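Reviewing the structure listed below.
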């Protein structure tokens, strides 16, 4: 119960529970408690302690890491029940307790080296990137008071070691942190060849799953790769996206992959991409091979149904158009068609449309009315409303106030994050932060910049816990 409700527990109580469940897990692991043959109590106490890892004191966090140290060594192809929570706890401790960040992130990399899936996934997570990433061309600089320049350099070298051992996702992490490394160039050349030499579709054969997106990322990151190669890969991806002989998922992946490459292209290339995919945004040439059979909209009389997701190309194409747009007219076109796509019955398209509205430049976004977005049922559209409110906080203050009471905590969390990063300061932004500091959710309060103690009111007026 504590684990499931961790985000709703006030900070004082969470700190108390953190100490209690860690002690319970230590005693159970030491054999001091009566336990079932499957060690249910031990596993649950450990998971609960991990879920509260960022909510306790620095000493409690270090005690948890000490207790879990025995779970790192293992034989090949073995796992521990604590692995997922252990990896997430490392990131939570690094974010909440800067002085323990080095030790926590070192443990995360230890788990990745032991091939813990969750730790390998977190190598390219936003949390780790935010802690140790630097701007390209800069020397490593500490993002947190507890991480020195040497600490960041050491952690990044460890990621390189993981890549040298061929561990999952470590190649992507190295491309992000060290784009000039020779291995990054080698992989980019191999990825380039896979994209350019991809065979044409075979009639009567449906191939599900490609490496287009990770390959395009490798091509985009390698500094030493020939620019003409990037342009050729971009053209090839556009050709795949426009080919109705391909299954829908392949065409969607080609559109997403093209986004990785279009960002840094010159204006002429971006305009070419924009013009090439406007038809897909409008729904032209959208029928894909086996579209009704393999997607979520089969024919009612189909003998069987296979659902591997939406067959629509409109959302991914709009996202690519938004990335390629470079002129006021193109941005306005994206705005108008994103607004129209919000009426789609396809939730994936609605999500992409909301994201496109959030990325519009100031002079185009100011004509979008967040108040209308805030009335929509889709939480992603209301999240877009929250982002736009904080870009124009004075004009849309009343809408932002209403979003502080949104029943979906994801919307309130987005609003808190947008308020924390607001480019414009003023009493309106301060008022939003103040209200969100009383939110029942810890994840919302964390972005608003405060702790909620047991002496505080259980809920803000008119705001039920979510």
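Sequence gap at least 6, Cα distance under 8 Å: using those rules, report the relative contact order of the stretch 188-448 to the nearest whole percent. Mind showing how you got there, number by number?
Details: 392 pairs, mean separation 28.8, N = 261.
Reported relative contact order: 11 percent.
Rank-order 373-383, 418-428, 230-240 by packing density, defined as the average count of other C-beta atoms within 10 Å over each peptide's residues, highest first. Intermediate values should be presented prior to the final figure.
On the way: 373-383: 19.0, 418-428: 15.1, 230-240: 20.9.
Peptide ranking by packing, descending: 230-240, 373-383, 418-428.
At 7 Å along Cα-to-Cβ for each site, give me the label-to-label distance between residue 282 and residue 194 in nm.
3.5 nm
Compute the Cα gyration tensor for the stretch 6-177, then decide on rounded, prolate or oblate, letting a ≥ b ≥ c be the square roots of its eigenvalues: rounded whenever a/c is under 1.5, prolate when a/b is larger than b/c in the other cases, and oblate in all that remain. If you can, show how the numbers build up before the last one.
Details: a/c = 2.52, a/b = 1.48, b/c = 1.69.
Taking the square roots of the gyration eigenvalues as a ≥ b ≥ c, the stretch 6-177 is oblate.
If you average the sequence gap of Cα pairs under 8 Å that are 6 or more apart and divide by the length of the stretch 6-177, what percent do you get for the contact order? Please list the in-between numbers first.
Numbers: 202 pairs, mean separation 28.1, N = 172.
Relative contact order for the stretch 6-177 comes out at 16 percent.
Answer rounded, prolate or oblate for the stretch 188-448, using the Cα gyration tensor with square roots of eigenvalues a ≥ b ≥ c: rounded when a/c is under 1.5, else prolate when a/b is larger than b/c, else oblate.
The shape class here is prolate.
Beta carbons within 10 angstrom, averaged per residue: use that to sort the peptides 220-228, 392-400, 84-92, highest first. Working shown, then result.
Working: 220-228: 16.0, 392-400: 18.3, 84-92: 23.6.
Order by mean packing, descending: 84-92, 392-400, 220-228.
Working out 0.36 nm times the residue gap between residue 232 and residue 41, then minus their Cα-Cα distance, what length gain in nm do you get to one decimal?
Details: separation 191, 0.36 × 191 = 68.76 nm, distance 5.71 nm.
Additional length available on full extension: 63.0 nm.
Given 0.36 nm per residue, what is the gain on full extension from residue 129 to residue 263 after removing their alpha carbon distance, in nm? Please report the intermediate quantities before stating the final value.
Numbers: separation 134, 0.36 × 134 = 48.24 nm, distance 1.96 nm.
Full extension from residue 129 to residue 263 adds 46.3 nm.
Please report the relative contact order for the chain, taking Cα pairs under 8 Å with a sequence separation of at least 6, and give it as a percent rounded to a whole number.
About 10 percent, as a whole number.
Arranged from highest to lowest average of other beta-carbon atoms within 10 Å per residue, in what order do the peptides 24-35, 52-63, 205-216 appear?
Details: 24-35: 14.6, 52-63: 20.4, 205-216: 16.9.
Packing proxy ranking, top to bottom: 52-63, 205-216, 24-35.
We did not get these values from a lab; they are worked out from the coordinates using the rules stated. Given the structure is predicted, the values throughout are model-derived calculations rather than measurements. Virtual Cβ from ideal backbone geometry, glycine too; neighbours counted across all protein chains shown.
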